[in-house]
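Inspection log for the structure reproduced underneath, given as structure tokens.
The values are calculated or read from the model by the stated rules, or taken from the named source; none is laboratory data. Note that the coordinates shown come from a computational prediction; the quantities given were computed from them, not determined experimentally. Positions of Cβ are generated from backbone atoms using ideal geometry, with glycine treated the same way; all protein chains shown enter the neighbour counts.
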Amino acid sequence: MMDGIMKELPQDVAIYIFLMLPVKSLLRFKCTCTMFCNIIKSSTFIHLHLNCSKNELMLFKHSIKQEDEHDLYKNILSFLSSENAFDFKHVSPNFEVPSVTTTSACVFLQLIGPCNGLIAITDSFATILFNPTTRNYRSIPACPFGIPKCFRRSISGIGFGFDSIQNNYKFVRISEVYKDYMDKDMKVDIFDLSTECWRELNGQQVPLVFWTSCSEILYNNAFHWFASTDDTIILCFDMSTEIFYNMELPESCHWFDGKTDGLIILNNSLTYIRYPDPLSNRPAKVLIDIWIMKEYNKRESWIKRCSIGPITIDTPLTVWKDDLLLLQTKSGDLIAYDLNSHEIMDLNLHGYPTSLKAVIYKESLTPIPRKGDSTVVQQF
């Protein structure tokens, strides 16, 4: 019956109407008639809807130490939105992160993304790929490659992104392999979701990658980490060409100044945050410096946006709507700093100290990629 009625509605009109609807409504319309279902499932419509989406949300992760359990944590995801900058509301119930078990190192549970509305959740040992809008997720297989006997491996960095040339999603993992701590080799493995296989990437020299709580960011079709050469650099990996390249930090920023490093996206530009090292014994009166790269991969285009503070924080997390810098305090509270009014507000969101993570994403119909029926996609 519905199919017969909808034949009278031009398809381009239906598409125009659907582009203005939230994902929740579109998922209901899929069940009403074949025409609607075909439109909403098409890759063209999914791409258009993502680009047209105005509804930004925040995926907020915090950890809770379990009572009567030694060194064991629950990792909780919250879905938040805000019309008033400082007034975040839950848009759906919280739930516990699936398929990832983290005990003593809840700080290392990372949210990576978004990439076309998808977010990776990883503790370096287990990784899931997750669409926070549809609540669909899947596990990524563990890397099967071993290391020589008597050697050790430490995961330095994990990245996730989209290869726009091959129309394919990829994970990249950087490891330190060593027998002697002073003599390390860097190893790079890639998981290709079009083949569902891991492969080793050889033939490129990769500097020593180091982890900070506010790093590992996808921007301009490349993934970014911090690394060490003679000084701190940004290590970049192009998801399409699979080539590494280095990016220099502002000339006035050096590793010996008692600060540490963070990366965020501010006003659609790659942004570098230099903030007081939470492990340092230096006075709390140190400012947080914010640098914006006006032209990608051009060192001379770094412009100092501002210095803020002094604020005693553990780490920066992300930016909400281009003017609200979200920060984690040393006590595990989420606070916000308005970059325009310089107002600071406690957002009444908490977790175990150092465990907070946040990602800003748009509603998306993007399906969880899989090859054949062997990969299980589940739903919360």
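Observations on the model:
- Meeting the requirement of 2 or more residues that are within 27 Å of Ile76 (Cβ to Cβ) and not acidic (Asp, Glu), the strands (runs of 3 or more DSSP E) wholly within segment 256-361 are 259-266, 269-276, 315-320, 324-328, 333-338, 344-350.
- Filter pass, Gly113 being assigned to a strand (DSSP E or B), under 21 Å from Phe223 (Cα atoms) and modelled with pLDDT under 95: yes
- Selection within segment 201-231: residues that are of a type in the set (Ser, Thr, Tyr) and without any contact (Cβ under 8 Å) to a residue 40 or more places away in the chain. The member of this set that is surrounded by the most Cβ atoms within 10 Å (Cβ to Cβ) is Ser228.
- Where a residue in segment 347-360 is free of Cβ contacts under 8 Å to residues at least 12 places away in the same chain and assigned by TED's automatic domain parsing to the domain that holds Gly113 and its partner, wherever it lies, is surrounded by fewer than 17 Cβ atoms within 10 Å (Cβ to Cβ) and part of a strand (DSSP E or B), with Cβ under 6 Å and at least six apart: none
- Of the criteria (1) in contact with a helix residue (DSSP H, G or I) (Cβ under 8 Å, 6 or more places away or on another chain); (2) in the same structural domain as Phe171 (by TED's automatic domain parsing); (3) closer than 25 Å to Val172 by Cα, which one Pro250 fails: (3)
- Test: residue in segment 78-89 that is in a strand (DSSP E or B), touching a helix residue (DSSP H, G or I) at 6+ places or on another chain (Cβ under 7 Å) and either in contact (Cβ under 8 Å) with a residue 40 or more places away in the chain or exposed (fewer than 13 other Cβ atoms within 10 Å of the Cβ) (or both): no
- For Ala142, the conditions (1) surrounded by 14 or more Cβ atoms within 10 Å (Cβ to Cβ); (2) outside any strand (DSSP E or B); (3) within 20 Å of the chain's Cα centre (by Cα); (4) hydrophobic (A, V, I, L, M, F, W, C) all hold with the exception of (1).
- Among the residues making up segment 140-185, those that are in contact with a Leu (Cβ under 8 Å, 6 or more places away or on another chain) and farther than 22 Å from Tyr219 by Cβ are Glu176, Lys184.
- Any hit, segment 124-134, residues being in a helix (DSSP H, G or I), of a type outside the set (Asp, Glu) and at pLDDT below 90: no
- Enumerated strands (runs of 3 or more DSSP E) restricted to segment 151-235, each holding at least 1 residues that are closer than 19 Å to Asn297 by Cα and out of contact with any Pro (no Cβ under 7 Å at 6 or more places or on another chain): 152-163, 208-210, 217-219, 222-228
- Qualifying residue in segment 370-377 (condition: of a type in the set (Asp, Glu), in a loop (DSSP other than H, G, I, E, B), more than 21 Å from the chain's Cα centre (by Cα) and over 20 Å from Asn55 (Cβ atoms)): yes
- Per the conditions (1) part of a strand (DSSP E or B); (2) under 20 Å from the mean Cα position of the chain (by Cα), the sole criterion not satisfied by Pro93 is (2).
- Number of the condition not met by Tyr352 [criteria: (1) under 23 Å from the mean Cα position of the chain (by Cα); (2) at pLDDT 95 or above]: (2)
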